[in-house]
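The values are calculated or read from the model by the stated rules, or taken from the named source; none is laboratory data. From a predicted model like this one, the values you see are computed outputs, not experimental measurements. Remember, those area values only see protein heavy atoms, side chains included, never the ligands or the DNA or RNA. Shrake-Rupley method; radii C 1.70, N 1.55, O 1.52, S 1.80 Å.
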Amino acid sequence: MSAWLPSAPCTPRSCVDATASAASAPLAVLRLAAVLGVLVPGTLAFPLVRRLPIAVRQRIIRAWCRTLVRAAGVRVRLTGAAPQQGGLLMVANHISWLDIPLLAAVRPGRMLAKTEIRQWPVAGALTASSGALFIDRDRLRALPETVARIANALRAG
């Protein structure tokens, strides 16, 4: 067990009631098809988008992420406003792959990912090419170097 991982007394079987109906299965299939219809072309276009000027690239990525989360049935609702200039550290312990495009739909940024993701098919290459910073959660001695990389990224805006 890693020192980074929290524990909780609640598990999906003990704390979540199943409320799905038979009508939700076709909707889930439609949403999956919609997500794939946005995800696949976006993944294929990513190498081209990376070559665009940063301001254009960020607008395209935000729009793509908003479309992706909307295809999954999630509505983005913002309250308040984050500073528009400079580096900003957002801390979010996400529980789903969908949390990442949801955060990116709100504000462009670089994610912090566990090193294991680099080895994943498709997601590993996309994560690495997105500028994500990687952390080895099993090596606490790597923490100062990771903190320094995050601080440098924040200073760079």
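Largest accessible area first, the listed residues MET90, MET111 line up as MET90, MET111 when surface is computed with a 1.4 Å probe on the assembled protein chains. A 1.4 Å probe run over the protein chains yields, for the range 54-155, 71 Å² of accessible area per residue, whole-number rounding.
For the pair ARG50 and ARG70, the difference between a 0.36 nm per residue extended length and the Cα-Cα distance amounts to 4.9 nm.
Accessible-area rank, largest first, for ASP138, ASP99: ASP138, ASP99, with all protein chains present and a 1.4 angstrom probe.
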